[in-house]
1. Could you run through segment 273-305 and say how many residues are farther than 25 Å from Pro342 by Cβ, away from the ligand (no atom under 11 Å from the Cβ) and not basic (Lys, Arg)?
2. Taking the conditions exactly as written (buried (at least 22 other Cβ atoms within 10 Å of the Cβ) and of a type in the set (Phe, Trp, Tyr)), does Phe204 satisfy them or not?
3. Can you tell which of Asp402, Asp361 is among the charged types (D, E, K, R) and touching a Phe, Trp or Tyr at 6+ places or on another chain (Cβ under 8 Å)?
4. Just name the residue that is surrounded by the most Cβ atoms within 10 Å (Cβ to Cβ) out of those in segment 207-247 that are over 24 Å from the mean Cα position of the chain (by Cα), within 16 Å of the ligand (Cβ to nearest atom) and assigned to a helix (DSSP H, G or I).
5. Going by what's in this entry, would Glu177 be described as open to solvent by 10 Å² or more (accessible area, probe 1.4 Å), within 16 Å of the ligand (Cβ to nearest atom) and not β-branched (Val, Ile, Thr)?
6. Take segment 162-219 and flag every residue that is among the β-branched types (Val, Ile, Thr) and closer than 23 Å to Val279 by Cβ.
7. Considering only residues of segment 369-384 that are touching a residue at least 40 places away in the same chain (Cβ under 8 Å) and open to solvent by less than 40 Å² (accessible area, probe 1.4 Å), which is nearest to Val331 (Cα to Cα)?
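The values are calculated or read from the model by the stated rules, or taken from the named source; none is laboratory data. Because the structure is a prediction, the values reported are computed rather than measured. So basically every Cβ, Gly included, is an ideal-geometry build from the backbone, and we count neighbours across all protein chains shown. The area values use the complete protein model at the heavy-atom level, side chains included, leaving out ligands, DNA and RNA. Shrake-Rupley method; radii C 1.70, N 1.55, O 1.52, S 1.80 Å.
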Amino acid sequence: MKKFEPSRSGMRVTGQSSRRQLLGGIAAAGVYAALGAPAVWAARKPKPKVIVIGGGFAGASCARLIRNEDRGIDVTLLEPNATYIACPLSNAVIAGLRDLSVQQFGYRSLRAQGIDVLHRRATAVETEKRTVTLDDGRQLAYDRLVVAPGVDLRFDAIPGYTEAAVEAMPHAWKAGEQTLLLRRQLEAMNDGGVVVMSAPANPFRCPPGPYERASLIAHYLKTRKPRSKLILLDAKDQFSKQKLFQAAWQELYPGLIEWVPLSGGGQVVRVEPATRTFVTEFDTHKADVANVIPPQRASAIAAIAGVADQTGWCSVDPVTFESKLRPGVHVLGDAIIAGGMPKSAFAANSQARVCAIAVVDLLRDRAPTSPKLINTCYSLVAPDYGISIAGVYQPANGLLTDVQGAGGVSPLDAPRSVRQQEAAFAEAWFKTITSSVFG
Ligand SMILES: Cc1cc2nc3c(=O)[nH]c(=O)nc-3n(C[C@H](O)[C@H](O)[C@H](O)COP(=O)(O)OP(=O)(O)OC[C@H]3O[C@@H](n4cnc5c(N)ncnc54)[C@H](O)[C@@H]3O)c2cc1C
């Protein structure tokens with residue numbers, strides 16, 4: 001039976017000290033060999049080291065699953081924040097239906113599992129030397145590295161939408177203070193005000209997220225400020241669960257949501273934060289409350305580590321999640337282009353399971369096996385009205401591709417009892433995933 005081992009206080013440090021460790025190990029092995037106990041050498045071999053960058057759904061899951069799979073591997077998790085604030089269901093916080101405190105999670109249970117959690121940011125990666133540099137200057141060595149840093153918002157993509165603009169025009173696409181800011185701005189808006197949102201082109205974090213947000217803001221307006229309206233400017237002509245969302249908008253919020261697709265002039269070409277104005281190819285929209293969801297890319301450390309390509313995203317082997325650009329480095333979660341798989345917390349957790357087993361197999365000289373991965377995304381259209389999309393994916397031609405005939409979306413003509421059930425499933429899913437990752 002595997003025995004629980006408490007975490008080591010530090011990582012193997014490169015250079016002198018690792019050589020010393022190795023020499024110490026060889027010397028010790030010599031003594032035991034002389035005593036005729038060669039098996040002890042295996043026990044004295046330094047433990048393999050895995051460093052995981054990013055303590056979100058992808059990274060925290062992966063760290064945990066590697067430790068579950070093999071307690072003989074030292075795992076260090078790097079995450080600058082002591083509290084993780086989950087995005088799923090954060091649109092309900094914006095609409096005043098949920099408290100931000102229920103979105104917050106700590107890392108105590110990961111530590112209890114023997115994972116060395118360091119609240120530090122990774123600032124550099126040297127893949128040839130296999131080291132990661134932290135923001136306090138320390139350098140840690142790894143045998144395998146997992147990079148799971150999520151996304152960065154691109155402040156170079158929409159002219160006028162700079163980092164300073166997020167106060168007047170919040171994105172709320174990373175949950176936390178921005179989520180509360182958007183909520184406060186909605187609360188402060190007069191009845192009869194206009195909310196304008198913009199959604200980016202694919203790919204981006206949580207494809208159904210902007211439409212769930214538009215729905216829940218519409219619910220807030222309908223119940224609290226019924227003379228108001230919402231305009232959603234979109235940089236694309238199609239979106240996730242589109243028929244289900246649009247049917248629900250007609251049923252629940254007739255005339256309240258105006259969706260402007262790309263072909264109708266939905267692409268935002270400039271914003272003016274001082275007046276909360278969106279400029280599109282054909283029109284100008286002045287908002288009382290403005291929400292810009294800007295284009296995104298893999299978070300900065302991915303490019304620093306050399307695993308992001310010119311698209312800003314990372315390509316990986318679909319069996320092991322090892323980078324196609326840097327051997328020994330695995331990438332997962334929102335930072336990757338996962339073929340047909342969307343950027344979701346559910347997907348990040350599925351990928352983490354596959355990646356964790358592959359990392360352990362590779363460290364133990366076993367050949368990783370081809371996986372099947374699942375994703376399900378629930379969206380709330382109203383507090384008691386949920387819809388979902390599910391998919392199954394498998395490696396094919398170097399990508400993760402849809403398994404034809406598996407998955408699907410909620411039926412278009414389902415009765416309200418099914419919508420209520422799916423809203424309850426959304427909450428149950430959130431509780432299950434957050435307790436399996438952080439609980
Ligand atoms: C409004 C909204 C609603 C959503 N709803 C759903 C939903 O209903 N269902 C669903 O499945 N998904 C949903 N998502 C998507 C989901 O939140 C993301 O897909 C998920 O968080 C991705 O996980 P991740 O671990 O890749 O990235 P993240 O959760 O962003 O975690 C990345 C972590 O890496 C850390 N990090 C970054 N750089 C460094 C560094 N240099 N060193 C150390 N650490 C670093 C960050 O601090 C962060 O904690 C939603 C997203 C949004 C915005």
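1. Kept after step one, since they are farther than 25 Å from Pro342 by Cβ, are these residues of segment 273-305: 273-290, 304.
Now drop any that are not away from the ligand (no atom under 11 Å from the Cβ), which leaves 273-290.
Going one step further and asking which of them are not basic (Lys, Arg), we end up with 273-275, 277-285, 287-290.
So the count comes out to 16.
2. Details: buried (at least 22 other Cβ atoms within 10 Å of the Cβ): yes; of a type in the set (Phe, Trp, Tyr): yes.
Yes, satisfied.
3. On the way: Asp361 fails: touching a Phe, Trp or Tyr at 6+ places or on another chain (Cβ under 8 Å).
Unique residue meeting the criteria: Asp402.
4. This residue is Ala218.
5. Working: open to solvent by 10 Å² or more (accessible area, probe 1.4 Å): yes; within 16 Å of the ligand (Cβ to nearest atom): yes; not β-branched (Val, Ile, Thr): yes.
So Glu177 passes the test.
6. Applying the first criterion (among the β-branched types (Val, Ile, Thr)) to segment 162-219 yields 162, 166, 179, 194-196, 217.
If the condition is that a residue be among the β-branched types (Val, Ile, Thr) and closer than 23 Å to Val279 by Cβ, then Thr162, Val166, Val194, Val195, Val196, Ile217 are the ones that fit.
7. Initial filter on segment 369-384 (touching a residue at least 40 places away in the same chain (Cβ under 8 Å)): 369-371, 376-383.
Next, from what is left, pick out any that are open to solvent by less than 40 Å² (accessible area, probe 1.4 Å): 371, 376-377, 379-382.
Numbers: Pro371: 16, Thr376: 21, Cys377: 21, Ser379: 26, Leu380: 30, Val381: 32, Ala382: 35 Å.
Only one residue fits best here, namely Pro371.
For every residue, the table says whether it meets (1) within 11 Å of the ligand (Cβ to nearest atom); (2) in contact (Cβ under 8 Å) with a residue 24 or more places away in the chain.
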| position | (1), (2) |
| --- | --- |
| Gly386 | yes, yes |
| Ile389 | yes, yes |
| Val392 | no, no |
| Gly398 | no, yes |
| Gln404 | no, no |
| Gln421 | no, yes |
| Ala424 | no, yes |
| Lys431 | no, no |
